[in-house]
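Report on the following structure.
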Amino acid sequence: MTARIMIVEDDPDICEILQYNLEQEGYDVNIHNDGKVALDAILENPPNLVLLDLMLPGMNGLDIARKVRKDERTHTLPILMITARSEEMDILQGLELGADDYVTKPFRPREVIARVKALLRRHHRDEDQVYRFNDLSVNFSRHEVTAGNQVLDLTPKEFLLLKALILANGRVLSRDQLLDQVWGYDYYGESRTVDVHIRRLRKKLDKWAELVETVKGFGYRIKTEA
């Protein structure tokens, strides 16, 4: 299936160069010049990857990245930032907000294509992952957890908590880290909400509740050995 790439950029010359080179590679490309319009389009019908400029009318690229990462429909959407060389602090902030990579203007089209291909490969590999612990199975692409033949009824937040812990591969994640990854960087609620959701997750995991381990004084991790 042809990957859909969205270009969010207000410079018509850059849009033309990117569109031409991406279409030559067989990608389906659409362009948005306004940040707010682009965000609405992303959330309504998520593309496979977004090329995102930082300086945009309507809404800047950092705000778009923040809202994309917070929304459960698009929290894993690959984002490749397009930046000016003078925007070093914005680059760092964008990466902290969840952008996957960046290119600086002026750029070589072939470099952009290489980074797009790498991000799509990585995203496809991550989404195809299935984590198994005996008869418990966690399918990332289906957002589905099964125990034996029974599908567990997890909420989106419970699933994202479990996924974040699995991807940490035994590393301890603090409450603040889990809040950032699951609720978003602009979440200002009480960190104890993580404990509440962990308790609910463990209850639904039933006999597999021990998979989610508490590391007292630090946070939580996934059990990596039987």
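R73 to D135: extension gain in nm, 0.36 nm per residue of separation minus the Cα-Cα distance? Kindly include the intermediate steps, with their values, before the conclusion.
Numbers: separation 62, 0.36 × 62 = 22.32 nm, distance 2.76 nm.
That pair, R73 and D135, stretches by 19.6 nm at full extension.
Taking the protein heavy atoms of the chain in the context of the full set of protein chains, the accessible area attributed to carbon and sulfur is 46 percent at 1.4 Å.
Just checking the listed ones, Q19, Q150, Q177: in the Gaussian network model of the chain with Cα springs under 10 Å, the one fluctuating most is Q150.
When nucleic acids and ligands are ignored and a 1.4 Å probe is applied, H124 ends up with an accessible area of around 110 Å². Can you give the translational diffusion coefficient of segment 1-145 in µm²/s, computed by Stokes-Einstein from the Kirkwood radius over Cα pairs at 25 °C and 0.890 mPa s? D, rounded to a whole number, is 156 µm²/s. The mean sequence distance of close C-alpha pairs (under 8 Å, at least 6 residues apart), as a share of the length of segment 1-44, puts its relative contact order at 47 percent. Here the label points at T2 and A209, each 7 Å from Cα along the C-beta direction, are separated by 5.1 nm in the simple model. Taking 0.36 nm per residue of separation and subtracting the Cα-Cα distance, full extension of the segment from R202 to K117 would add 26.8 nm. In terms of accessible area, using a 1.4 Å probe and ignoring ligands and nucleic acids, E210, E144 rank largest first as E210, E144.
Ligands, DNA and RNA aside, T214 has an accessible area near 80 Å² when probed at 1.4 Å. Between N30 and A84, the modelled labels are 2.9 nm apart [label points 7 Å from Cα along Cα→Cβ].
The values are calculated or read from the model by the stated rules, or taken from the named source; none is laboratory data. Note that the structure is predicted; figures quoted are calculated from it, not measured. Glycine also receives a Cβ, built like all others from the backbone with ideal geometry; neighbour counts cover every protein chain displayed. Quick note on the areas: whole protein, heavy atoms, side chains included, nothing else; ligands and nucleic acids left out. Shrake-Rupley method; radii C 1.70, N 1.55, O 1.52, S 1.80 Å.
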